[in-house]
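Peer 1: The structure under discussion is supplied below as structure tokens; questions concerning it will follow.
The values are calculated or read from the model by the stated rules, or taken from the named source; none is laboratory data. Just so you know, these numbers come straight off a predicted model, no measurement behind them. FYI the Cβ positions are ideal-geometry reconstructions off the backbone, even for glycines, and counts take in every protein chain you see. Quick note on the areas: whole protein, heavy atoms, side chains included, nothing else; ligands and nucleic acids left out. Shrake-Rupley method; radii C 1.70, N 1.55, O 1.52, S 1.80 Å.
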Amino acid sequence: MNDFPTQLLINGTWLDGSGAKRLAIVNPATEEPFAEVSSATADEIGQAAKAAQAAFESGWRDLPPGQRAEMLHNLAKRIRENTENIAQLETRNVGKPIGDARWEADAGAKVFDYYAGAIGHLCGQTIPVARGGFDFTLRQPMGVIAAITPWNFPFLIACWKVAPALAAGNAVVLKPASLTPLTALMLGQLAQEADLPNGVLQVLPGSGAEAGHALATHPLVRKIGFTGSTEVGTTIMKLAADDIKRVSLELGGKSPNIVFADANWERAAAESPMSVFANTGQDCCARSRMFIEQSIFDRFVDQFVAATEALNIGDPGNETTQVGPMICAAQRELSESFIAGARDAGCEIRSGGDRPDESGFYLNPAVITGVETSDRAWREEIFGPVVCLRPFNDEAEMLREVNDTNFGLSGSVWSSNLSRALRVARRVESGVISVNTHSSVHTEAPFGGFKRSGLGRDLGMSAMEACTEVKNIYVGE
Ligand code: NAD
């Protein structure tokens, strides 16, 4: 008997799915299955959508904002009380180092507290219209919002999607990635314990092809909040078009890390490995393309390789582990195909790229130089522990290369000349960028991508506003 939920949460009840298929949950550190989870059918998604609509209409949307805020603060408290359980489960299911998993669970609680507090700040406007009278806007909830999430940050991204949608007064149907549904189910359980009304948050694991598709096309769903690959994001946007459903899409990335010679580049070299190898490179914000000013290139690469080789790679349950296994065999093989392609193209693998001896989907972080801008490893999102470094001489030419990509999610600039750093930060075509640090994701600030990295913004007030419709009301004199 598991001490975590493995059924579908539909309208406040835990149910075995009616479908024959169940999701096998594997520990990436051992390659051993350790649980089976119900997989929702299209029919069950339909039941959940109806229950969500009923919960929305029968009280949730009209609940006084203070009461909604109190429930979300209660949920944050329940998450905090269960941080260790959530973290242990996430580590077992994703292979994430336990320290990271604890941080993410706690960050999830902070997200609920933030949006509980934000409820009192979701304001409309009064507008002095030309003909006089009184004109004002309301921000109203939409109804049922679908949240479809990926496997790399299962708990935290679920919180990013669910908290602003609930805070704005919507009901949510959450479909986690089929590889990693466990902590999303736990979030559903904690929401019950925090006394959220039945149907306000339902959690239905299942495949993208059946459960995800059914959710994205259900007529009661008004908005789809999606995080995942650009490929599936494109499908979601097309599916949403028929009903003009609202979408917010947080998609892939191929983010630059730009280091000028006038920077504290020793610090950049020491800190940059974790900007790409954290979460074993399975991070949409991974700084996987590095641009290093020519005059420091060789010394920088030496220090970067030394810092990479000093990382603690191994059992994610160990307190000191920094890099765990990849999520599954297929993702590891995909990364290896990029490394082999780079080698065949004549690039130099300066470190890693091989498998350690132990079982588990481990891959030693690969550092690649000698890459051309046309190489696959330079152009495509790898979503694994692989980084490419190129030297640059000229700022304008470097920026042209930086922006020569379909992605535009994140990035970093290192320079002690703040004017230059800000000039470059403004020119990089990405939704988020950090200067002299790799920290660029903050609960209170908007997060999302330019170009094919996405549409709309998670986090901050932007995410909550994007879970509302604006209504204009005019009162004649
Ligand atoms: P994915 O696109 O394969 O799956 C994401 C979700 O979509 C899963 O729940 C999946 O079941 C569902 N899905 C798949 N096909 C579907 C369909 N036809 N209709 C509806 N739903 C469907 O992504 P993944 O492999 O889980 O995650 C990795 C990707 O996510 C990477 O590209 C990464 O860059 C991206 N990502 C982006 C962000 C961001 O904030 N920009 C954050 C994390 C991950």
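Peer 1: If you place +1 on the Cβ of every Lys and Arg and -1 on the Cβ of every Asp and Glu, how big does the dipole about the Cα centre of the chain come out, in debye to the nearest 20?
Peer 2: Working: 42 positive and 57 negative charges, 279 e Å.
In total the dipole reaches around 1340 debye.
Peer 1: Using a simple spin-label model with points 7 Å from Cα along the Cα→Cβ vector, what separation in nm is obtained for Ile127 and Ser462?
Peer 2: 2.3 nm
Peer 1: Right, here's the next one. Only helical DSSP H runs with n ≥ 4 go in: add -39500 (n - 2.57) per run for the chain, normalise by residue count and round the 222 nm mean residue ellipticity to 500 deg cm²/dmol. If you can, show how the numbers build up before the last one.
Peer 2: On the way: 16 runs with 176 residues, N = 477.
Helices in the chain give a 222 nm mean residue ellipticity of -11000 deg cm²/dmol.
Peer 1: What does the C-alpha gyration tensor say about the overall shape of region 388-477? Classify as rounded when a/c is under 1.5, otherwise prolate if a/b is larger than b/c, or oblate.
Peer 2: In terms of gyration-tensor shape, prolate.
Peer 1: Which length gain, in nm to one decimal place, applies between Glu348 and Asn393 when the Cα-Cα distance is subtracted from 0.36 nm times their residue separation?
Peer 2: Value of the extension gain: 14.1 nm.
Peer 1: May I pose another question? Going toward the positive end of the dipole of region 256-442, with +1 on Lys and Arg Cβ and -1 on Asp and Glu Cβ, which of Ser412, Cys388, Met274 do you reach last?
Peer 2: Highest projection toward the positive end goes to Ser412.
Peer 1: Could you state the angle between the C-alpha long axis of helix 83-94 and the longest principal axis of the C-alpha atoms of the chain, as a value from 0 to 90 degrees rounded to the nearest 10?
Peer 2: Taking the Cα atoms of the chain, the angle to 83-94 is about 60 degrees.
Peer 1: Then there is this: Tell me the label-point distance for the pair Asp62, Asp16, using the 7 Å Cα-to-Cβ offset, in nm and rounded to one decimal.
Peer 2: Taking the simple label geometry, Asp62 and Asp16 are separated by 4.0 nm.
Peer 1: Let me ask something else about it. Could you tell me the center-to-center distance, by alpha carbons, between region 261-321 and region 136-188 in angstrom?
Peer 2: So the two Cα centres are separated by 32 Å.
Peer 1: Return the lysines within reach of Lys77: Cα separation strictly under 17 angstrom, same-chain partners fewer than 8 residues apart disregarded; answer none if there are no such residues.
Peer 2: Partners found: Lys110.
Peer 1: Continuing with the same structure: Rounded, prolate or oblate: which one fits region 249-365, using the alpha carbon gyration tensor with axes a ≥ b ≥ c (rounded when a/c is under 1.5, else prolate when a/b beats b/c, else oblate)?
Peer 2: Prolate, because a/c is 1.5 or more and a/b exceeds b/c.
Peer 1: Still on this structure: Could the peptides 379-392, 297-310, 231-244 be put in order, highest first, of the mean number of other beta-carbon atoms found within 10 Å of their residues? If you can, show how the numbers build up before the last one.
Peer 2: Numbers: 379-392: 22.7, 297-310: 17.5, 231-244: 15.1.
Packing proxy ranking, top to bottom: 379-392, 297-310, 231-244.
Peer 1: Please determine, in degrees from 0 to 90 and to the nearest 10, the orientation of helix 65-81 with respect to the longest principal axis defined by the Cα atoms of the chain, where the helix direction is its Cα long axis.
Peer 2: Around 50 degrees separate the two axes.
Peer 1: Moving to a separate point now. Let me check I've understood the local charge: for Trp14, count other residues with C-beta under 15 angstrom from its C-beta, Lys and Arg +1, Asp and Glu -1. What total comes out? Kindly include the intermediate steps, with their values, before the conclusion.
Peer 2: On the way: positive: Arg22; negative: Asp3, Asp16, Glu36, Glu44, Glu193.
Around Trp14, the charge tally is -4.
Peer 1: Still on this structure, I have one more. Could you calculate the FRET efficiency of Leu334 with Glu84 from 1/(1 + (r/R0)^6), where r is the beta carbon distance between them and R0 is 41 Å, rounded to 0.05?
Peer 2: Details: r = 32 Å, r/R0 = 0.79.
In this case the efficiency is close to 0.80.
Peer 1: While we're looking at this one, here's another question. What do you get for Rg/Rh over region 256-442 if you use C-alpha atoms and the Kirkwood form of Rh?
Peer 2: On the way: Rg = 15.6 Å, Rh = 16.5 Å.
Rg/Rh: 0.95.
Peer 1: Now for a different question. Which loop chymotrypsin sites (Phe, Trp or Tyr not before Pro) in region 118-218, with loop taken from DSSP, have no more than 14 other Cβ atoms within 10 angstrom of their Cβ?
Peer 2: Values: sites: Phe134, Phe136, Trp151, Phe155, Trp160; in loops: Trp151.
Within region 118-218, no chymotrypsin sites (Phe, Trp or Tyr not before Pro) qualify (loop, at most 14 other Cβ atoms within 10 Å).
Peer 1: So what are the three principal axis dimensions of the chain from its Cα atoms, in whole Å, longest to shortest?
Peer 2: 68, 65, 40 Å, listed from the longest principal axis down.
Peer 1: Return one whole number: the accessible area per residue of region 256-442 in Å², for a 1.4 Å probe. Show your work: numbers first, answer last.
Peer 2: Values: 7420 Å² over 187 residues.
That works out to 40 Å² for each residue.
Peer 1: What Kirkwood hydrodynamic radius, in Å, does region 401-445 give when the mean of 1/r is taken over all pairs of distinct Cα atoms and then inverted? Kindly include the intermediate steps, with their values, before the conclusion.
Peer 2: On the way: mean 1/r = 0.0905 Å⁻¹.
Here the Kirkwood hydrodynamic radius works out to 11.1 Å.
Peer 1: Ranked from highest to lowest mean number of other Cβ atoms within 10 Å per residue, what is the order of the peptides 10-23, 68-81? Walk me through the numbers before you get to the answer.
Peer 2: Values: 10-23: 15.9, 68-81: 20.1.
Packing proxy ranking, top to bottom: 68-81, 10-23.
Peer 1: Shifting gears a bit: Hey, any idea what % of region 256-442's accessible area is carbon plus sulfur with a 1.4 Å probe?
Peer 2: Values: 3210 of 7420 Å².
Its accessible area is 43 percent carbon and sulfur atoms.
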